[in-house]
Amino acid sequence: MFSHLPPYAGDPILSLMEQFQRDERSNKVNLSIGIYTDGRGVVPVLPSVRTASAAVAETGAPYVYLPMEGHAAYRQAVAKLLFGADLPSAEHLAIVQTLGGSGALKVGADLIARFFPQPTIWLPDPTWDNHVGIFEGAGFKTERYPYYDAQTKGLNFNGMLDKLQSLPKGAVVLLHPCCHNPTGVDPTRAQWEQIIAVVEQRGLLPFFDLAYQGFAESLDDDIWPVREAVRRQIPFFLSNSFSKIFSLYSERIGALSVFCPQAGQAANVLGQLKLTVRRNYSSPARNGALLVAHVLNDDKLATQWRAEVEEMRVRVRDMRVKLASQLKSAVPDQDFSFLLRQNGMFGYTGLTSAQVDRLREEFGVYAVGTGRICVAGLNDSNVARVAETMAEVLRG
Ligand code: PMP
């Protein structure tokens, strides 16, 4: 019956994770997967979440199904966090709770594929690998727009803008509002203004994917492009994830928002989102939503959580500075300042895949084949060794 099924080669990043777990070297370092570890190298349970977890357990509420669109207080709190003072009314905003950011991308992709036949999505080159998997899995054709400039190790802004300008009206364009995965390279505010202006003039449909809100500048600054789209009345999709910023990876908690400038349309969009959810997995899980809603709806806990996000952001930035300066001392003829211009959890090192292989095989330092490292996996106990071993492979 199943003899025609080919073997699964495995996900490149998750396979590295498995290989890392089997590695017996005591000084191994995992910089492959996008997980934040604290200064002790441990994935934290945020204190705000710990408090919320106790309060949620205390209620002893029964495990009834959530509605298809998710937990009501969660959806309201998330909408406030995302849109702040620009929060659209329910006439304009359809928001559903999803299984992490991935679930939001999938529900959004399915909805678009149902009502805009033969869809194409333009993804940045490069982008998170699973964007291709999720959108192609939903029936999309995937295309690329220029993004990263390997020469300058920065943004190919002109290439990006030219491509966006050439796209047909209604083209779906995936944009990372901050902390671009995998490069860490983000447009400046002035560049975002131009990008949003082109989106508006050309009538493109942005699909914002926000997995790292708060890890670049701040929770409010990092979502500026999305709020600007609201101010300019541009329709869009927005997926957001609490995996990283609440350290709730396995709870699979996120949301999909659809902004509808024309009043009244959000009701039908919400209805179709519910149907999409119903057809896929019927309704989302409860615990992650209760935790996030409890934190965000309690002023004191919300303030505490904001400080915890800031602490994670600052720690990663410190590690960037340490890595760049130690690399500079070890390889003085090379410039590592590009690492300091990147945002978020990832560093795009410029290491070739052969150099990445050598790092892993000889030194037990795991990075992704593209040269991406998770800076959030560095700490004071491993940063010097990582810099030394990177310097070693860079010297050849
Ligand atoms: N989008 C991007 C850009 C990501 O980096 C990630 C997580 N690696 C996701 C979406 C998915 O997030 P989640 O783990 O919440 O599904």
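Scanning the range 209-219 for residues that are crowded, with 23+ Cβ neighbours inside 10 Å and of a type outside the set (Gly, Ala, Ser) gives Asp209, Leu210, Tyr212, Gln213, Phe215. For beta carbons closer than 7 Å, sequence separation of 6+ or different chains, a first residue in the range 229-253 that is closer than 28 Å to Glu193 by Cβ and β-branched (Val, Ile, Thr) and a second that is open to solvent by 50 Å² or more (accessible area, probe 1.4 Å) and away from the ligand (no atom under 12 Å from the Cβ), the qualifying pairs are Ile234/Glu200.
If you check Tyr36 against the conditions, is it loosely packed, with under 13 Cβ neighbours inside 10 Å and either at negative phi or at pLDDT 95 or above (or both)?
Values: loosely packed, with under 13 Cβ neighbours inside 10 Å: no; either at negative phi or at pLDDT 95 or above (or both): yes.
Considered against the rule, which asks whether it is loosely packed, with under 13 Cβ neighbours inside 10 Å and either at negative phi or at pLDDT 95 or above (or both), Tyr36 comes out as no.
In the range 128-139, the residues that are farther than 13 Å from Asp11 by Cα and open to solvent by 60 Å² or more (accessible area, probe 1.4 Å) reach residues that are more than 9 Å from the ligand (Cβ to nearest atom) and of a type outside the set (Asp, Glu) with C-beta atoms within less than 7 angstrom, at least six apart or across chains, in these pairs: Glu136/Thr142.
Before we move on, is Leu270 within 14 Å of the ligand (Cβ to nearest atom) and within 24 Å of Ser89 (Cβ to Cβ)? The answer is no for Leu270. Of the residues examined, Leu238 is one that is closer than 29 Å to Pro284 by Cβ, open to solvent by less than 10 Å² (accessible area, probe 1.4 Å), away from the ligand (no atom under 11 Å from the Cβ) and under 15 Å from the mean Cα position of the chain (by Cα).
Quick one: how many residues across the range 193-208 are more than 16 Å from the ligand (Cβ to nearest atom) and either open to solvent by 10 Å² or more (accessible area, probe 1.4 Å) or aromatic (Phe, Trp, Tyr) (or both)? Give the steps one after another, and end with the answer.
At the first step, the residues of the range 193-208 found to be more than 16 Å from the ligand (Cβ to nearest atom) are 193-205.
When the remaining residues are screened for being either open to solvent by 10 Å² or more (accessible area, probe 1.4 Å) or aromatic (Phe, Trp, Tyr) (or both), the result is 193-194, 197, 200-203, 205.
Here the count works out to 8.
Against the condition under 19 Å from the mean Cα position of the chain (by Cα), on the phi < 0 side of the Ramachandran plot and open to solvent by 20 Å² or more (accessible area, probe 1.4 Å), how does Val185 come out, does it pass? Spelling it out, it is not the case that Val185 is under 19 Å from the mean Cα position of the chain (by Cα), on the phi < 0 side of the Ramachandran plot and open to solvent by 20 Å² or more (accessible area, probe 1.4 Å).
Can you find a residue that is open to solvent by 10 Å² or more (accessible area, probe 1.4 Å) and within 20 Å of the chain's Cα centre (by Cα) anywhere in the range 330-341? For the range 330-341, residues open to solvent by 10 Å² or more (accessible area, probe 1.4 Å) and within 20 Å of the chain's Cα centre (by Cα): present. Out of Val29, Val45, Val78, one residue alone is under 21 Å from the mean Cα position of the chain (by Cα) and either of a type in the set (S, T, N, Q) or farther than 24 Å from Gln262 by Cα (or both). It is Val45.
The values are calculated or read from the model by the stated rules, or taken from the named source; none is laboratory data. Values in this document were obtained by computation on a predicted structure and should not be read as measured data. Neighbour counts are summed over all protein chains in view; Cβ atoms, including those assigned to glycine, are modelled from backbone coordinates with ideal geometry. Only protein heavy atoms, including side chains, enter the accessible area calculation; ligands, DNA and RNA are left aside. Shrake-Rupley method; radii C 1.70, N 1.55, O 1.52, S 1.80 Å.
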